[in-house]
1. Run residue 158 past the list (1) open to solvent by 90 Å² or more (accessible area, probe 1.4 Å); (2) in a loop (DSSP other than H, G, I, E, B) and report the number of the one that doesn't hold.
2. May I ask you to verify whether residue 281 is within 19 Å of residue 371 (Cβ to Cβ), at pLDDT 90 or above and small (Gly, Ala, Ser)?
3. Could you please let me know if residue 58 is open to solvent by 20 Å² or more (accessible area, probe 1.4 Å) and under 25 Å from residue 362 (Cβ atoms)?
4. What pairs come up if the first residue lies in region 44-60 and is closer than 14 Å to residue 15 by Cβ, the second is of a type in the set (Phe, Trp, Tyr), and their beta carbons are under 8 Å apart, counting only those six or more places apart or on different chains?
5. Evaluate region 25-42: report whether one residue or more is open to solvent by 10 Å² or more (accessible area, probe 1.4 Å), under 23 Å from residue 341 (Cα atoms), acidic (Asp, Glu) and out of contact with any helix residue (DSSP H, G or I) (no Cβ under 6 Å at 6 or more places or on another chain).
6. Please enumerate the residues belonging to region 84-95 that are surrounded by fewer than 19 Cβ atoms within 10 Å (Cβ to Cβ) and more than 22 Å from the chain's Cα centre (by Cα).
7. Only residues that are out of contact with any Phe, Trp or Tyr (no Cβ under 8 Å at 6 or more places or on another chain) and among the aromatic types (Phe, Trp, Tyr): list them for region 4-48, please.
8. Could you run through region 336-383 and say how many residues are part of a helix (DSSP H, G or I), touching a residue at least 24 places away in the same chain (Cβ under 8 Å) and over 21 Å from residue 52 (Cβ atoms)?
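The values are calculated or read from the model by the stated rules, or taken from the named source; none is laboratory data. Remember, predicted model here, so these are calculated numbers, not experimental data. Virtual Cβ from ideal backbone geometry, glycine too; neighbours counted across all protein chains shown. Keep in mind that these areas ignore ligands, DNA and RNA; they rest on the heavy atoms of the full protein, side chains included. Shrake-Rupley method; radii C 1.70, N 1.55, O 1.52, S 1.80 Å.
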Amino acid sequence: MSVILGLVAAVGPFAIDMYLPAMPEIAREFAVDQQAVQWTIVGYFITFGLAQLAYGPWADQAGRKPPLYAGLALFIAGTLICAVAPSIGWLVAGRMVQGIGGAANMVVLRAVIRDLATGPQATRMMSTIMIVIAVSPLLAPLSGAGLLAIGDWRLIFWALLGAAVLSFFLIHFAVPETLTEANRQRFDLTGTLVGTKILLADRDFIVMTFLAGFAFASFFVFIAAAPFVYRQQFGLSPTGFSLAFAINAIGFFAASQFAAPLSRRLGTLRMISGASLGFASATFAGFGLALAGLASLPVTMSTLFVGNVFLGVILPTAQVQALEEHGDAAGLASSLGGTMQMVAAGVLVAAAGPFLDGTVVPMLGAIALCGLIALVLSRLIPRQAALA
């Protein structure tokens, strides 16, 4: 069951990363600039973030499978639009529909695990799923580059369409409905609004949520800009870009495995504060070297790798810490926090878009801005708490 859920969960990450090597080809076919193609990233993340608010309450009310069916159906429709898109506008629209559908997996599969198991068994199931998701940023660009070698960029979306259809059948035939009728909840708008008001008034929730959001935004910037920088300025092939992308992903996910032991040793808030300083320092160093004309490919990859190591520590711990005092409303807090993070990151990438011109300096500058914002937010952690 864990492997099946992991395969279904991997569809979303593959949709984000698989077509990255093809972004320059997309720009050439539609005769548009880099910023126009970057909207295929921004549009996906914004709708993905907003849609999370709907799937959680729906899954608690109607059961787990109806929102999964609906999400996968929307994802399939969006992917089909992308595969046949006659213009960049249609491609962006298709990506936005993909984002609305892909959010169902993110929200509902966590609930399915909670229904099936608790304690150590649930942890093992989630670990299996996270391993599948973790290798997606490594395998997805390489898969996309492989498809580019035998066809055009549209073939990537046809492959995603096949994976989504397979996921639909796996959900239908191999995953049972895990929420019994007795445990289903009626949607309470008043209670949701009261809970939202409480969360938005909690300084720690806001700080941790946006700390994770703007730290994650740096990765959004990289996803949006790196295909053009690595392939056009540094002259990498689609496969070369995919390998360079994988190196940064390795740094992120390797560090995330050490977050829990470090948290127990140093204290969660102290670790977040220190990692934010390290992340900001690495991004400042990269931007400074770029301004000095020293941002060669090895230098750029090295500073980004170090930054992503700290990012791998910040993200999981800040997201967990945001929910620490809201166990009685963890579902609402998770949905609201995820939406706020995705939208904040999407807005930042959209704002940076006009400055991202396919060269390394603005890309590293935008990433350094994310580091600065994360550092400022980390200083808002109460001093006595950070030292605990």
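1. If we test residue 158 against (1) open to solvent by 90 Å² or more (accessible area, probe 1.4 Å); (2) in a loop (DSSP other than H, G, I, E, B), just (2) comes out false.
2. In short, yes.
3. No; evaluated as a whole, the condition is false for this residue.
4. If the second residue must be of a type in the set (Phe, Trp, Tyr), the pairs left are 45/220.
5. No - not one qualifying residue is present in region 25-42.
6. 84, 86, 87, 89, 90
7. Within region 4-48, 14, 30, 39, 44, 48 meet the criteria.
8. 20
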